[in-house]
Every structure is written in C-alpha cells, then in structure tokens.
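Chemist: Sharing a structure below in structure tokens format, with a few things to ask.
The values are calculated or read from the model by the stated rules, or taken from the named source; none is laboratory data. If you're wondering where the values come from, they're calculated on a predicted model, not measured in any experiment. Heads up, the Cβs are rebuilt from the backbone with ideal geometry, glycines too, and the neighbour counts pull from every protein chain shown. Note: areas computed on protein heavy atoms with side chains; ligands, DNA, RNA excluded. Shrake-Rupley method; radii C 1.70, N 1.55, O 1.52, S 1.80 Å.
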Amino acid sequence: MSTSEGQPETSAPHQPDVSTSDSRLANRYGAPKRRLSRRTQIIGVSAAVAAGVVAAAWMNIPASTGTVTSKDVGYTLPEDGRVTVDFKVDKSAGSTAACAIQALNESYAVVGWKTVVLGPDAPESSTQRVELRTDSPAVTGGVSSCWIVDED
C-alpha cells in the first residue's frame, strides 16, 4: 500500500536513534564518570586505614627528649590575693619538667602566674600544690601548660 503521494505507509511513528541521543548528551554535558572497580575501592580504603594507623602510632611514640602530661586536680581561694592550685604531673624518668600555673578572673584574664620546675630527681608521677599571688580577685586556677626543659 502506498499513500496518495507515492510514499509507503508506515505503521509505527519514527523513533529517535538512541546512540545519537546519548552522544548528543555526552557532547553537551560530558561523558558520565566511570566508577572505580570494587578491587580499587578496597585497595584505596585499606591504604587510607593503614596510613591512619601509622600516623597514630607515630604521634604516640615518645620523643627522645621525654614527655610530660598534666591534669588539674583542684583549686582553692583561701583569701583575696591568693589561689592554691593542685595538679598532677606525669613525666619521663630522669627528665626535668616545667609547668606554668595560672589564676584567672571572671573575665578569664590572667591575674596570677607562676612557673614550677620539677627536676630529674622528682618522681615520674606526682601531685603538686602551688600557691599563687594574684593582682586582683581570681575565680579559678589551673595548669596552663607543661613542657620538658632541655638541659644542654
């Protein structure tokens, strides 16, 4: 059968070529990204975990100069102009440590400061009590920081 104009009759409407449509989209928006294979993903995650473990171990190895840690135990305000600070210090055997103790006012400004030195003969773990004089009334006291003193 043919139409009146001499063209053959088609029963289905014309469907666009899918491959041409996909290539047009790829040209316009870029080709879709390929996913990493399962094996590559496993290797990448394993390498990241291994790097994290190595970094954590590296940071926890004590330095050759020794280590020191401190923890605030408490403070008292016996009278205006004075603060008593109790703190615990753990240091490497045979090393000299120094700790900066501070007293703060209600605005968190430093109103008293003292550096305490613990010599190489001091025990590795000890609790210390330090009394500070203050310039104005304090509301708290504690350890600001501790460090190992180089003895060159």
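Chemist: I need the full set of residues from the range 100-137 which are open to solvent by less than 60 Å² (accessible area, probe 1.4 Å), among the aliphatic types (A, V, I, L, M) and more than 28 Å from the chain's Cα centre (by Cα), in order please.
Modeler: Listed by number, the residues that qualify are Val111, Val116, Leu118, Ala122, Val130, Leu132.
Chemist: Right, another one. Report, ordered by the first and then the second residue, all pairs with beta carbons closer than 7 Å, sequence separation of six or more or different chains, a first member in the range 96-108 that is within 29 Å of Pro123 (Cβ to Cβ), and a second member that is among the charged types (D, E, K, R).
Modeler: Every condition considered, the pairs that remain are Thr96/Glu151; Ala97/Lys91; Ile101/Lys114.
Chemist: When you check Val89 against the structure, is it in contact (Cβ under 8 Å) with a residue 40 or more places away in the chain and of a type in the set (A, V, I, L, M), yes or no? Don't jump to the end; show me each part of the working.
Modeler: Numbers: in contact (Cβ under 8 Å) with a residue 40 or more places away in the chain: yes; of a type in the set (A, V, I, L, M): yes.
Yes: the conditions hold for Val89.
Chemist: For the range 30-72: of the residues being out of contact with any Lys or Arg (no Cβ under 6 Å at 6 or more places or on another chain) and closer than 23 Å to Gly142 by Cα, which is surrounded by the fewest Cβ atoms within 10 Å (Cβ to Cβ)?
Modeler: From the range 30-72, those out of contact with any Lys or Arg (no Cβ under 6 Å at 6 or more places or on another chain) are 30-67, 69-70, 72; that's our starting set.
Filter once more, so that each one left must be closer than 23 Å to Gly142 by Cα: 66-67, 69-70, 72.
Working: Gly66: 18, Thr67: 16, Thr69: 12, Ser70: 21, Asp72: 14.
The extreme case among them is Thr69.
Chemist: Then there's this: Is there a residue in the range 107-121 that is at pLDDT below 95 and in contact with a Pro (Cβ under 6 Å, 6 or more places away or on another chain)?
Modeler: No; the residues of the range 107-121 include none that is at pLDDT below 95 and in contact with a Pro (Cβ under 6 Å, 6 or more places away or on another chain).
Chemist: I'd like to check something: does the range 80-99 contain any residue that is hydroxyl-bearing (Ser, Thr, Tyr) and either exposed (fewer than 15 other Cβ atoms within 10 Å of the Cβ) or at pLDDT 95 or above (or both)?
Modeler: Of all residues in the range 80-99, those hydroxyl-bearing (Ser, Thr, Tyr) come to 84, 92, 95-96.
Of the ones still in play, those that are also either exposed (fewer than 15 other Cβ atoms within 10 Å of the Cβ) or at pLDDT 95 or above (or both) are 84.
Yes: one or more hits.
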